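Have a look at the structure below, then the notes.
Please treat every number below as a calculation from the coordinates, not as lab data. As the structure is a computational prediction, the values presented were derived from the model and not from experiment. Counting neighbours? That spans all protein chains shown, and the Cβs are built from the backbone with ideal geometry, glycine included.
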Amino acid sequence: MESSVRVEVDGEVFDVAARADRPGQFDYTWISGPNPGYGFSSASSADRATTMADHEGAIRTFLAQVDPGTGYIG
């Protein structure tokens, strides 16, 4: 994966950025969300490269936790 990539999942848009100094760690910024700059981070201890399916799954897990009324994790 490039150091940063834009990903669309279920109609929502995120910028996914790999942390250069920490392999397996990523920051996800919710571009289409109601709160500018809001998102989440993830880390993997798996001994394999992170796939696009991994990123999509992480985003779906995040979105499932978001309160639709506030746009934040409840």
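Only one of the numbered conditions (1) closer than 14 Å to residue 7 by Cβ; (2) surrounded by 12 or more Cβ atoms within 10 Å (Cβ to Cβ) is violated by residue 53, and that is (2).
The lone criterion from (1) assigned to a strand (DSSP E or B); (2) at positive phi; (3) not β-branched (Val, Ile, Thr) left unmet by residue 71 is number (1). The set of residues from segment 30-50 being of a type in the set (A, V, I, L, M), exposed (fewer than 10 other Cβ atoms within 10 Å of the Cβ) and either assigned to a helix (DSSP H, G or I) or touching a strand residue (DSSP E or B) at 6+ places or on another chain (Cβ under 8 Å) (or both) is empty.
Here residue 44 passes the criteria (1) touching a helix residue (DSSP H, G or I) at 6+ places or on another chain (Cβ under 8 Å); (2) at positive phi except the one numbered (2).
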